[in-house]
1. Using only the Cα atoms of region B:88-240, build the gyration tensor, take square roots of its eigenvalues as a ≥ b ≥ c, and label the shape rounded, prolate or oblate: rounded if a/c is under 1.5, else prolate if a/b is larger than b/c, else oblate.
2. Pick out, from A:92, A:155, A:69, the residue whose Cα sits farthest towards the positive end of the charge dipole of region A:62-206, with +1 on the Cβ of Lys and Arg and -1 on the Cβ of Asp and Glu.
3. What is the dipole size for the protein assembly as shown, taken about its Cα centre, with +1 at each Lys and Arg Cβ and -1 at each Asp and Glu Cβ, in debye to the nearest 20?
4. Based only on Cα atoms, what mean projected area does the convex hull of chain A have, in nm²?
5. What are the residues whose amide H is under 5 Å from the amide H of residue A:192, where those residues sit 5 or more places off or on another chain and H is modelled from the backbone?
6. Report D for the protein assembly as shown in µm² per second (integer): Stokes-Einstein, Kirkwood Rh on Cα pairs, 37 °C, 0.692 mPa s.
7. Whole Å is fine, so just give me how far the alpha carbon centre of region A:1-31 lies from that of region B:202-224.
8. Restricting attention to the alpha-carbon atoms of region A:1-76, what are Rg (one decimal) and Dmax (integer), both in Å?
Amino acid sequence: MSDEPVFSRADLPPTNEPLRVAARRLRWFRAAFARVVGRVGEELGCAFEIDDSKLTQIFIRWLEALDRQRPVPKEERAAFLEFASSLAFRELVSDLPIRTSGSPMRARREMPGGFWPEAYACMIFCLTVHSATLEQEYHVATTIDPGVGDLRSWWSFRENAQEDHAFSAGFFQKLLGHEPNWFVPEQFRYRVGRWLLEPEADETRA
Amino acid sequence: MAMNLPFQPDPLPLREGLRRLRHVVRRGGETAREVAGGAMGGGEMCIASRLATAVIAEMERIAEEFDRMASRAARQAFGHEEDLTTTLDELHGNAPIGPSLASTLYTALSLVLKHIGSDTLFVSELAAREAVKRWQVLPGRRQASGGQLAAGLAMQLVDRQVIRGAHVDPRCVVAAPAVRPVTIFAVMLWLLVARSPEESEAALISAADIAAAIAERVAFVFAERDETGLVALLEKYRNNV
């Protein structure tokens, strides 16, 4: 098994709608989650059992978080789209809707997928939807922090996420190459650094 | 195909009567099975309970067969099938829509009750038809938004007591007082969503799960008869089914 996380749009169910719209529909969200998690299970060599009731509650909480934080200015919407997946990751990790029936057969314990398979599968799900959506909307490829396979970060992530759910949002942002505001990583308005297509980011790129 | 009859009797009262019979037999059968379950060992008690269970099973079978026959007769007489893809927005301003919408409501409400684990309650298609009739003549309907149309229909369904019965299955995922509001809300949400025949049932299940996840809020707006609040909830979640 590779140390690099594998995620591909091919794992997502088909839809006639833009992905940013489809992802906010429970039936597509659930189908996508089941497909991605199933594929990750094959990769790790374990079967995941999904709790649909928990997943629905997570989905509703994610929608609520999006509604509360959605920015009004148009120029911030692209950045918010990029931020949204870290909120989904936070909700998934705070009440994991999957569990494995045994230890992964094909992932070593010192790899993230072997160390914490449930959170790893949720991370791949969020990365899959995130990268496919950004590619579709803005033709931007998602790059992952090379430190993603470092077990020390996963130790720290697991410990901190259990004490403070917001930590998961920061972990995911770091994964995407953004420096989180560790005081309030789940708050879009207090984000630090440059985010997708924000005016200052465009200036830097130019 | 519709039969060209000079006189077309209304088959719904007969169908509803048979459904009630089936419901009563089924509920009685469940109770009898519970009682029979307590009769241990052999002897006269056991023979009596086996006999009762066999008779009830046969009555259930007969009632279900009558229901199927009555449903077929209704379709032939009216020449319509339940339309599980039409949205309330599409129905806006169309007439007459009574029989097909009532039939769709019956099917959808029954499916939602089954999904949330409370098919011990009875859905009245006659009451649904009456609710649709009254909803069609509500003032301001032509100017109403999809959410307002759905909220108006929801209140009519509540008032006509389209879901009947007192016993909520303890395995139901929704608290007993919220079962009726959640079921009606789920079907209204589903009626607001554009869907193909292939995805219709998945959309209904999705609507039911959303309704169950926000059961407290749904039950509150129904209990308060807060139609504005109901419209807001429907509009909020219609794009998430």
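1. Numbers: a/c = 1.37, a/b = 1.32, b/c = 1.03.
Since a/c stays below 1.5, the shape of region B:88-240 is classed as rounded.
2. Final value for the positive-end residue is A:155.
3. Working: 53 positive and 60 negative charges, 228 e Å.
Dipole size: approximately 1100 debye.
4. Details: hull surface 44.3 nm².
Mean shadow area of the hull around the Cα atoms is 11.1 nm².
5. Answer set, sorted by chain and number: A:181.
6. Details: Rh = 25.0 Å.
For the chosen part, D equals 131 µm²/s.
7. Centre-to-centre distance over Cα atoms comes out at 25 Å.
8. Taking only Cα atoms of region A:1-76, I get Rg and Dmax of 14.9, 45 Å.
Throughout, read-outs are computed from the coordinates displayed, never taken from laboratory work. Small disclaimer: the values here were computed from a predicted structure and weren't measured. For neighbour counting, all protein chains shown are included, and Cβ atoms are generated from backbone atoms with ideal geometry for every residue, glycine included.
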